[in-house]
Amino acid sequence: MLDAFTWYKQSTFRWKGEKLVVYIDSWGLTDDALPPADLLLITHAHGDHYAPDDIARVKKSKTVVVAPADVAKELSGNIKPVKPGDRLDVAGVKIEAVPAYNIDPARLEAHPKRNNWVGYVLELGGNTYYHAGDTDHLPELNRIRTDVAFLPIGDGGYVMTVDEAAGMAKVLKPKIAVPMHYGFYPGVGVPADGDRFKKAAAPVEVKVFTPVHPFANK
């Protein structure tokens, strides 16, 4: 279910199927000989998720980019702007854009609801994957049914704390939860947070990925 995924850093993942390559977010796509993207999804405009130079490394003429309106307007090519609630079928992939914003009073302006930034629910290879983007545990997300949930854990400064994300995992009840968005950005978690999340999310099964890029935080 997760064998086709590679974690680069922060919230950037690649899914590589037999005939399809999908990237989610774009910070850290700096390796040599990266397979070109058929589909690239951007969750929001922050530089640890949307990196134009990294996009250029994998974006080809055939690449479809799905992104919120403020990101989409900066890009050229086959661009699909989305907002929360949109559903589309791109490159043979069924996609739903879902809300991603903060509700905790201490971080309301980190990811404001008014920006219409998103997470994504995708169908890939017969399974359903939810990539939450940067978000708090929003009541409207509790309806999501997914085989795998990629959840940001941070340290509570910009996204959920480890415990908040673990609580969200227990509500969503995915077959597997995957922590992301920690260990790379100043003030956003340390490498050990992945194992902390694994313990806190029990009995939900958790897969802690090893990133391509070495963790920056200690």
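The values are calculated or read from the model by the stated rules, or taken from the named source; none is laboratory data. Note that the structure is a prediction, hence the values are computed from the model and not measured. Cβ atoms come from the backbone with ideal geometry, glycine included; neighbour counts cover every protein chain shown.
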Legend entry - Residues satisfying the stated conditions in the stretch 60-94, i.e. charged (D, E, K, R), under 19 Å from residue 46 (Cβ atoms) and in contact (Cβ under 8 Å) with a residue 12 or more places away in the chain: 70, 74, 83
Legend entry - Residue that is nearest to the chain's Cα centre (by Cα) [pool: residues in the stretch 1-24 that are outside any strand (DSSP E or B) and touching a residue at least 40 places away in the same chain (Cβ under 8 Å)]: 11
Legend entry - Residue ID - modelled with the lowest pLDDT, chosen from residues in the stretch 86-107 that are in contact with a strand residue (DSSP E or B) (Cβ under 7 Å, 6 or more places away or on another chain) and outside any strand (DSSP E or B): 91
Inset, instruction - Kindly establish whether residue 171 is more than 28 Å from residue 92 (Cα to Cα), in contact with a His (Cβ under 9 Å, 6 or more places away or on another chain), modelled with pLDDT of 95 or more and of a type in the set (Val, Ile, Thr). - result: yes
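So which residues in the stretch 194-217 are surrounded by fewer than 18 Cβ atoms within 10 Å (Cβ to Cβ) and touching a Gly at 6+ places or on another chain (Cβ under 9 Å), if there are any at all? First the steps, then the outcome.
Within the stretch 194-217, the subset surrounded by fewer than 18 Cβ atoms within 10 Å (Cβ to Cβ) is 195, 199, 202-203, 205, 207-210, 212-217.
Passing the criteria: 208, 209, 212, 213, 215, 216, 217.
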Inset, instruction - Search the stretch 132-161 for residues that are farther than 21 Å from residue 186 by Cα and pair each with any residue that is at pLDDT below 95 and of a type in the set (S, T, N, Q) when their beta-carbon atoms are under 8 Å apart and the residues are at least 6 apart or on different chains. - result: none
Inset, instruction - Within the stretch 1-54, track down each residue that is aliphatic (A, V, I, L, M) and either closer than 17 Å to residue 183 by Cβ or crowded, with 21+ Cβ neighbours inside 10 Å (or both). - result: 22, 24, 29, 37, 39, 40, 41, 42
Inset, instruction - Please find, within the stretch 155-166, the residue that is nearest to residue 98 (Cα to Cα) out of those that are buried (at least 20 other Cβ atoms within 10 Å of the Cβ) and either out of contact with any Asp or Glu (no Cβ under 8 Å at 6 or more places or on another chain) or of a type in the set (D, E, K, R) (or both). - result: 165
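Within the stretch 172-192, work out how many residues are in contact with a strand residue (DSSP E or B) (Cβ under 7 Å, 6 or more places away or on another chain) and either over 18 Å from residue 100 (Cβ atoms) or not in a helix (DSSP H, G or I) (or both).
Keep residues of the stretch 172-192 that are in contact with a strand residue (DSSP E or B) (Cβ under 7 Å, 6 or more places away or on another chain), which gives 172, 174-181, 184.
From what's left, either over 18 Å from residue 100 (Cβ atoms) or not in a helix (DSSP H, G or I) (or both): 174-181, 184.
Residues in the stretch 172-192 being in contact with a strand residue (DSSP E or B) (Cβ under 7 Å, 6 or more places away or on another chain) and either over 18 Å from residue 100 (Cβ atoms) or not in a helix (DSSP H, G or I) (or both): 9 in total.
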Inset, instruction - Scan the stretch 117-136 residue by residue and report those that are surrounded by 20 or more Cβ atoms within 10 Å (Cβ to Cβ) and part of a loop (DSSP other than H, G, I, E, B). - result: 117, 132, 133, 134, 135, 136
Inset, instruction - For residue 55, state whether it is under 16 Å from residue 160 (Cβ atoms) and not in a strand (DSSP E or B). - result: no
Legend entry - Of all residues in the stretch 145-169 being in contact with a Leu (Cβ under 8 Å, 6 or more places away or on another chain) and not in a loop (DSSP other than H, G, I, E, B), the one that is farthest from residue 126 (Cα to Cα): 165
Inset, instruction - Give just the number: which of (1) within 14 Å of residue 118 (Cα to Cα); (2) not in a loop (DSSP other than H, G, I, E, B) does residue 44 not satisfy? - result: (2)
Legend entry - Selection within the stretch 83-101 - within 15 Å of the chain's Cα centre (by Cα), within 14 Å of residue 116 (Cβ to Cβ) and not small (Gly, Ala, Ser): 84, 98, 99, 101
